[in-house]
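Please read the structure below before turning to the comments.
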Number of protein chains: 2
Amino acid sequence: MGVVIPLEDKAGDKGIDALVALVASDMERVNQTVLSRTGSDVQMIPEVANHLITSGGKRLRPMLTLAAAQMFGYAGEGHIKLAASVEFMHTATLLHDDVVDESDLRRGKLAARLLWGNEASVLVGDFLLGQAFKMMVEVGSMTCLAILSDAAAVIAEGEVMQLAATQNTATTEDEYLAVIRAKTAALFAAAAEVGPTLVGRSRDECAAFRSYGANLGVAFQLVDDALDYGGSKADLGKNVGDDFREGKITLPVVLSYRRGTDEDRAFWQRTLQSEEFIEADLDHAMELIKRHRAIEDTIERARHYGAIARDALAPFPESAQKRALLDVVDFCIRRVN
Amino acid sequence: MGVVIPLEDKAGDKGIDALVALVASDMERVNQTVLSRTGSDVQMIPEVANHLITSGGKRLRPMLTLAAAQMFGYAGEGHIKLAASVEFMHTATLLHDDVVDESDLRRGKLAARLLWGNEASVLVGDFLLGQAFKMMVEVGSMTCLAILSDAAAVIAEGEVMQLAATQNTATTEDEYLAVIRAKTAALFAAAAEVGPTLVGRSRDECAAFRSYGANLGVAFQLVDDALDYGGSKADLGKNVGDDFREGKITLPVVLSYRRGTDEDRAFWQRTLQSEEFIEADLDHAMELIKRHRAIEDTIERARHYGAIARDALAPFPESAQKRALLDVVDFCIRRVN
């Protein structure tokens, strides 16, 4: 079921390793902060939170914050708490998402909602969001607070947008993009932007990091959506075809729907809009997606946004941090192979 | 089913009318802010949010913020957005609560989750929380931000605490109090405290308002829990006995359980812990509650916290605002009749 993606020029593609190495000591402190901030006398809170937090996510978003602050020689402590806030906002979203999507797996483990119930997932998500804001307040940068609280509202808006678009197979590519810009890219953008903001860099420099993060986030989500139709369970930490089963309209479907015959469109409507499908329908969906080169072109779109992300950082002088942040763009796109 | 509560000295008990009149013009602006801040291109957001927001809640919490700011002659605009933030935090909690409790009614209307689904309730709640923080950031008081973000984390902690305590009939009164201090009183306390805080009043004055709000909140919740076993559907905007059906351990149950016979305790365990009950069990529960004077004593406890709330404000010079805030305490307790 894997899809072979033609490789780009491999020069400089070192994946995520350079970034991980650069921020390793800061990340250690972020992890300690994350663990100590899930502490509560209410036993269920650390249990639920840590089930997800210790499940081996890459922590890509907080790494962006750390690397960006480091790139500008930030010498304070604030980036640790801001990075932890970003991770908490992300974790809260995942907990709420799993309830909304009725997902069974997350990062290859049973979703928290199956172990502790939907109630706990909703409420522990709320707790993490509250803790995230507490940490931001402790850092004391009103501009960073504005960036992250704005992101929180936009993310939720994007999730509702996605809910409203669910099962509408006539969703346009632009509508789909509006959803992922809000639900995914907004947090990447905020995570990157708070780095230079904390250091008090110029408006243009902060805007460049915002643009880098936003476009990286779009590319990341596009690849994620491609993987849902092209990865194996072990790679994904979730089941292939989950988006299909949930009637989620992602770009591979948008492209296949628009490029297909009337008969194809009837198939997508039956399976995604009415949720009347049998497991064999997934095979047919994969076949249509393959026929219309929808995975390849989803990745092609991801490359487009990846290129914008890279150009956003182009004006900055060479540095290990800049190199690592550029590598991340390639890493995100090359996850499909 | 109504329980007759002996009336206290009625001197000065004008209910909530004085407060409503005092803050009327500010409240009009809060309402406009609330409506404009639920606006979104995503149609479902204003629909879900306004279903609840326009359903005739008393807006007690934002009124506390407005009256407190007014009492100290606050001349700025910040109290409007802070009051709206408080109302959004409250509304977000209600939306999430209804999902957690699987409630059917809220303020006499069908719960949002039944009309738009649990998903929308979770996500629109998240959106309102995000908007609340955006407004706080716009006001620009880091101290107010600290107070309200702290409350957000404590509220969620209280909700999880309640979830963990649900169906444990051996819950002590102290454990029950810890839950309601967190899930209800924390927002009352924050709503009252941000008033003097915004005006830059002394630590002691801010602490007095915090204490007023916290104890008023405890009294309010105690009466609410009493009403669940003693009010009619129309008064409550929810069904009598909802807490019983959900296996929620509130003070009327805690008292009846502890004061009862072994046989009574077996009854509470069967009905609340194992959720094996028939509708006739509610009648028996009401009978046990009556036998042990559990409603009267719950109200008696509420009076105790009400008295603390009143004394918290005692040192302040007489003013229309102070009078109105004291009347609210009586109003909250006298809702049971």
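At a probe size of 1.4 Å, how large is the accessible area of A:Ile308, to the nearest 10 Å²?
Accessible area of A:Ile308: about 60 Å².
What are the label-to-label distances in nm, one decimal and shortest first, from A:Gly200 to the same spot in the other copies, with labels 7 Å along Cα to Cβ?
For A:Gly200, the other copies' label points sit at 2.3 nm, shortest first.
Could you please state how large a percent of the accessible area of chain A is carbon and sulfur, counting protein chains only and using a 1.4 Å probe?
The value for chain A is 50 percent carbon and sulfur by accessible area.
Can you pull the accessible area of A:His79 for me, 1.4 Å probe, Å² to the nearest 10?
Number for this one is 10 Å².
So, by mean Cβ neighbours within 10 angstrom, what's the order for A:61-69, B:97-105 with the highest one leading?
A:61-69, B:97-105
How far apart, in nanometres, would the label points at A:Ala207 and A:Arg293 be if each is projected 7 angstrom from Cα along the Cα-to-Cβ direction?
According to this spin-label approximation, the distance is 3.6 nm.
Go through the range A:87-110 and flag every residue whose accessible area shrinks by 30 Å² or more with all protein chains in place compared to the isolated chain (probe 1.4 Å).
A:His96, A:Val100
Which residues does the label zone of B:Arg310 cover in the range B:49-72, counting backbone N under 17 Å from a point 7 Å along Cα→Cβ?
none
B:Met161: accessible area at probe 1.4 Å, nearest 10 Å²?
Near enough 50 Å² of accessible area.
Work out which residues of the range A:129-153 lose at minimum 40 square angstrom of accessible surface when the other protein chains are put back, relative to the chain isolated, with a 1.4 angstrom probe, and list them by number.
Hits at the 40 Å² cut-off: A:Phe133, A:Lys134, A:Val137, A:Met142, A:Ser149, A:Ala153.
Structure shown: which of A:Lys248/B:Lys109; B:Lys58/B:Lys81; A:Lys109/A:Lys183 lie over 20 Å apart, alpha-carbon to alpha-carbon?
Over 20 Å Cα-Cα: A:Lys248/B:Lys109; A:Lys109/A:Lys183.
How large is the accessible surface per residue of the range A:246-337, computed with a 1.4 Å probe and reported in Å² as a whole number?
45 Å²
Helix-only estimate, please: 222 nm mean residue ellipticity of chain B, summing -39500 (n - 2.57) across DSSP H runs of length 4 or more and dividing by its residues, to the nearest 500.
Only helices count here, giving -22500 deg cm²/dmol.
Any idea what the B:Pro315 label distances to the other copies are, label 7 Å down the Cα→Cβ vector, nm, shortest first?
5.5
Total Å² of accessible surface buried at the A-B contact, 1.4 Å probe, nearest 100?
Buried area (both sides, nearest 100 Å²): 3300 Å².
For the range A:201-206, take each phi angle, set θ = phi - 60°, evaluate the Karplus expression 6.51 cos²θ - 1.76 cosθ + 1.60, and give the result in whole Hz per residue in order, putting x for glycine and proline.
6, 5, 3, 5, 5, 5
Straight-line reach from B:Lys290: which aspartates and glutamates fall under 15 Å, measuring Cα to Cα and dropping same-chain residues less than 8 apart?
Once the sequence-local aspartates and glutamates are set aside, what remains near B:Lys290 is B:Asp225, B:Asp228, B:Asp264, B:Asp281, B:Glu300.
Can you give the Rg and Dmax of the protein assembly as shown based on its C-alpha atoms, in angstrom?
Expressed in Å, the Cα Rg and Dmax of the protein assembly as shown come to 26.6, 84.
Relative to the other copies, what are the label-point distances for B:Gly15, with labels 7 Å from Cα along the C-beta vector, expressed in nm at one decimal and sorted shortest first?
7.0
Based on the Cα atoms of the range B:170-298, what semi-axes does the equivalent ellipsoid have, where each is the square root of 5 times one gyration tensor eigenvalue, given in whole Å with the largest first?
Those come to 34, 15, 11 Å.
Against the empirical 2.2 N^0.38 Å scaling, what ratio does the C-alpha Rg of the range B:14-334 come to?
For the range B:14-334, the normalised Cα radius of gyration is 0.99.
Between B:Thr172 and A:His284, take the C-beta separation as r, use R0 = 51 Å, and let me know the FRET efficiency to the nearest 0.05.
E between B:Thr172 and A:His284, to the nearest 0.05, is 0.30.
Give me the 1.4 Å probe accessible area per residue for the range B:63-152, excluding ligands and nucleic acids, in Å².
Value for the range B:63-152: 26 Å² per residue.
The values are calculated or read from the model by the stated rules, or taken from the named source; none is laboratory data. Treat the numbers as computed from the prediction; the structure is a model and nothing was measured. Methodologically, a virtual Cβ is constructed for each residue, glycine included, from the backbone with ideal geometry; neighbour enumeration extends over all protein chains shown. Heads up: the accessible areas ignore ligands, DNA and RNA and are worked out on the full protein's heavy atoms, side chains in. Shrake-Rupley method; radii C 1.70, N 1.55, O 1.52, S 1.80 Å.
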